[in-house]
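The block underneath contains the structure these notes are about, expressed in structure tokens.
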Amino acid sequence: MQDDQPDEVLKQKRPRLDLDWNENLEADYPPYVASLMRHLRTKLSYASPEDVTLARKAFFVAYELHKHQTRKSGEPYIIHPYEVALILTELNAGGETLAAGFLHDILEDTDFTNEEMTEAFGETVCHLVDGVTKLSKFSFSSTEERQAENFRRMFVAMAKDIRVVIIKLADRLHNMRTLDHMKEEKQKKIAQETLDIFAPLAHRLGIGRLKWELEDLCLRYLHPSEYLKISQQLSQKRALREETLGEAVDVLKKGLIELGHNFYVGEENPESARQKGKQIQILSRVKNFYSIYNKVFAKNKEFTDIYDYYGLRVLAPTETDCYTVLGIVHAIWKPIPGRFKDYIAMPKQNMYQSLHTTVMGKSGQPLEVQIRTYEMEQISEFGIAAHWKYKQGNKGSKTDLQLTWLRQLLDWQNDLKDAEEFMDNVKENLFEDDVYVFTPQGDLHVLPRGATAVDFAYKIHTQVGNRCIGAKMNGRIISLPTPLENGAQVEILTSKNAQPNLGWLNFVITNQAKNQIRKHYKKEQREDNIKRGRELLESEFGKEGLENFLKSKSMDELAQRFNRNSVDDLLATVGYGEITPRQLLNRVRTGPLNPDKLPRSAEKVLGETVPQGRLRRADKQREKGLLIAGEPGVMAFFPKCCTPVPGEPIIGVVTRGKGVAVHSKECPNLGQVNEKRFIPASWGIMNNETYPVELEIFTIDRRGLLKEVITRLSDNKINILAANINTNQDKTAKLDLVVEVSNIEELRKIMQKLRQMSDVLSVNRVIKMSRSMKKATKK
């Protein structure tokens, strides 16, 4: 969290980098700086001498570069990077990470360059600082795009070096600790962003120590009254809680002694107890405020409904000992049915492992007991930071497994161009709780909570999802929308002739399932349109005895003339009505419908068809841009049926008294016009005018789609004159738009961009038929 400072204050002289950083430099600095350094030494007892030296150097350099800056609280700015580094020491961070923690604002707030930082601290430290800086340096056009881009940058940074994100989390934690000096509106904004992004990220990395504090601080600023009520409730019950926990510890201690186990009762930290050979340690714990808030206020429950807002944690040396302790706990207290969870056999995706059981205490008060090994405790507290993969360099470690979800997201990112679609994938993989289900063969799959059998089917394989007709859960037939239960065995029933149902989009929750259903629907509709288009052409061409033309190579040329990549694309276009069979027939039958094949002059044609004195010259600038038989200024107008735009092939039709009607050469109404009335027409020099065009967009029906289409058009500076949407029973919708474009290339470009939207099935230009054609079609 940076404070605004004048440039002349931020640009400081370079600190000395040629000092002996093992000497006692504190004497040359203010007393508070010396005090900070002495405290830092006590926190670095775990670090090597080289790491301590690098951290001290970074601290003093950061002080020199920040010494004229202050925070909104009025305290020296160096306090912020110092506190960030202290948070990193709680995670046993190495010298390079600590140095980056001290220096993380240097590149952004001073003119200290990447080259200077590399020379002074090495490429790794410079890379870490640069990575942290880039995570928050860019501005974005919309909130959704900004969020998506921030996540993309975070994930890329994580894939390269996980320390970048851990430093960013420490930075955000200290910012949250010092929010009191911000305005209330800013407090809520930062707290909400932290709750939406950073706390779930800490959870996904398994760093419980950071996650719990971030959540509680967010609750304090977002819901202060509820935070105060929880605090008061816990304070009021503190004496009873301590008495209950004390009795429970004594009872459990006695049970462990009878089996000959040594133990500790929380006076020392887990690592000290383990090193001293004390095999069992019993700790008391209280649920964090945000977890209590979610169970009490968010779900409208009472405090008495919460079984686990306080309890015991038992640490043991091995997994076998954990299950032994579980047996002792259940022998002492009666377990509450349905309140046992085995995260040792089935770890969470962030590698959290523990046994959770809730028992009924002697006083009738429910008591949660968590049982885990010392290593599991370290992972619970520090998550991915407990391994510090960059120092160990061990392939196949738990850190590798934790980053599997990250690599999968990065793969998906390359396939997803839409910001909202990427955010859906992010939230699915970052924020949701997990459900563990098994195949009949015993293979374990992890899905978001609320996932259905269809989600599970697509998780197994795309074809399994496409051919799904039903499902069994634990041997019983269930409806496809039924949410799957944790630990259930799920069997997918399939049929070779089955196809996805568009209605599945109403209940599936994974984006993998949604995307595959939409993809199949688009593909199937295309195949149906090709078939329909071929049937229409065979009928229309057959009436003229031209059915053999459809099987000739001339069809390829015809497709190219209509700007289609292949014959199938042309047939699909006919199938969904963008081009009519009559248009294709006219092009084949009267192919020479261009100015070169019509040699007669304008005056001759007009003289034959229009009485003398009726030929008038145009005054409007738009009509001056048209050339009728190569001549400008002839009285002309655009009929409402096809509304051609500059760059599009056009033809004139001589009318009685109105001048020349200018049609698109693809207008279906030309088939009803006597060819003697045709006259060459072309575009001259057009001013920067716009022309109305009607579009017909078929989509999958969902909320917010109209807004997205309008936004896509607005982003491309396309003006919308009218819009209307109609929904159908088959979960599709038709969106009618009238837009303004300046030429045919602009029209094609915007139609292509609309077709690229994920739920858009087709985009067609509307060309209206005359009344006589409609009657003929009905017959």
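The values are calculated or read from the model by the stated rules, or taken from the named source; none is laboratory data. None of these values were measured; they are calculated from a predicted model. No Cβ is skipped: glycine too gets one built from the backbone with ideal geometry, and neighbour counts run over all protein chains shown. To get the accessible areas, we keep the full protein, side chains included, count just its heavy atoms, and leave off ligands, DNA and RNA. Shrake-Rupley method; radii C 1.70, N 1.55, O 1.52, S 1.80 Å.
Among the candidates His39, His104, His68, the residue that is of a type outside the set (D, E, K, R), on the phi < 0 side of the Ramachandran plot, touching a helix residue (DSSP H, G or I) at 6+ places or on another chain (Cβ under 6 Å) and open to solvent by 10 Å² or more (accessible area, probe 1.4 Å) is uniquely His68. When you scan region 526-547, do you find a residue that is polar (S, T, N, Q) and more than 28 Å from the chain's Cα centre (by Cα), even just one? Within region 526-547, one or more residues are polar (S, T, N, Q) and more than 28 Å from the chain's Cα centre (by Cα). Restricting Asp105, Asp161 to residues that are modelled with pLDDT under 80, in contact with a Ser or Thr (Cβ under 9 Å, 6 or more places away or on another chain) and either of a type outside the set (S, T, N, Q) or under 24 Å from Glu193 (Cβ atoms) (or both) narrows the list to Asp161. Residue check: Val741 meets all listed conditions (1) farther than 24 Å from Lys523 by Cα; (2) open to solvent by 10 Å² or more (accessible area, probe 1.4 Å); (3) touching a strand residue (DSSP E or B) at 6+ places or on another chain (Cβ under 8 Å) but one, namely (2).
Counting only residues that are open to solvent by 50 Å² or more (accessible area, probe 1.4 Å) and polar (S, T, N, Q), region 240-252 holds 0 of them. Taking region 556-615 as the region of interest, the helices (runs of 4 or more DSSP H) fully inside it that hold 3 or more residues being at pLDDT 75 or above and open to solvent by less than 60 Å² (accessible area, probe 1.4 Å) are 567-575, 581-589.
Among the candidates Lys774, Lys753, the residue that is among the charged types (D, E, K, R), at pLDDT below 80 and assigned to a helix (DSSP H, G or I) is uniquely Lys774. Here is the figure for region 91-115: residues that are free of Cβ contacts under 8 Å to residues at least 40 places away in the same chain, closer than 12 Å to Val125 by Cβ and among the polar types (S, T, N, Q) total 1. Residues in region 684-705 that are closer than 20 Å to Leu747 by Cβ and in contact with a strand residue (DSSP E or B) (Cβ under 7 Å, 6 or more places away or on another chain): Gly684, Thr690, Tyr691, Pro692, Val693, Glu694, Leu695, Glu696, Ile697, Phe698, Thr699. Among residues belonging to region 201-214 that are in a helix (DSSP H, G or I) and open to solvent by less than 20 Å² (accessible area, probe 1.4 Å), point out the one that is modelled with the highest pLDDT. Restricting to residues being in a helix (DSSP H, G or I) and open to solvent by less than 20 Å² (accessible area, probe 1.4 Å), the top hit is Leu214.
Being open to solvent by 20 Å² or more (accessible area, probe 1.4 Å) and assigned to a strand (DSSP E or B) holds for only one residue in Glu694, Glu666, and it is Glu694.
Has region 682-690 got any residue that is under 30 Å from Asp759 (Cβ atoms), hydroxyl-bearing (Ser, Thr, Tyr) and surrounded by 19 or more Cβ atoms within 10 Å (Cβ to Cβ)? The answer is no; no qualifying residue exists. Gly383 - would you say it is at pLDDT below 80 and part of a loop (DSSP other than H, G, I, E, B)? Spelling it out, it is not the case that Gly383 is at pLDDT below 80 and part of a loop (DSSP other than H, G, I, E, B).
Set side by side, the residues Lys188, Lys229, Lys237 differ, and just one is more than 30 Å from Pro366 (Cα to Cα) and open to solvent by 10 Å² or more (accessible area, probe 1.4 Å), which is Lys188.
Considering region 445-504, the residues that are at positive phi and either among the polar types (S, T, N, Q) or touching a residue at least 60 places away in the same chain (Cβ under 8 Å) (or both) include one that is surrounded by the most Cβ atoms within 10 Å (Cβ to Cβ), namely Gly487. Going by the structure shown, is Glu708 open to solvent by 30 Å² or more (accessible area, probe 1.4 Å), farther than 20 Å from Lys514 by Cβ, touching a residue at least 12 places away in the same chain (Cβ under 8 Å) and of a type in the set (Asp, Glu)? Criteria not met by Glu708.
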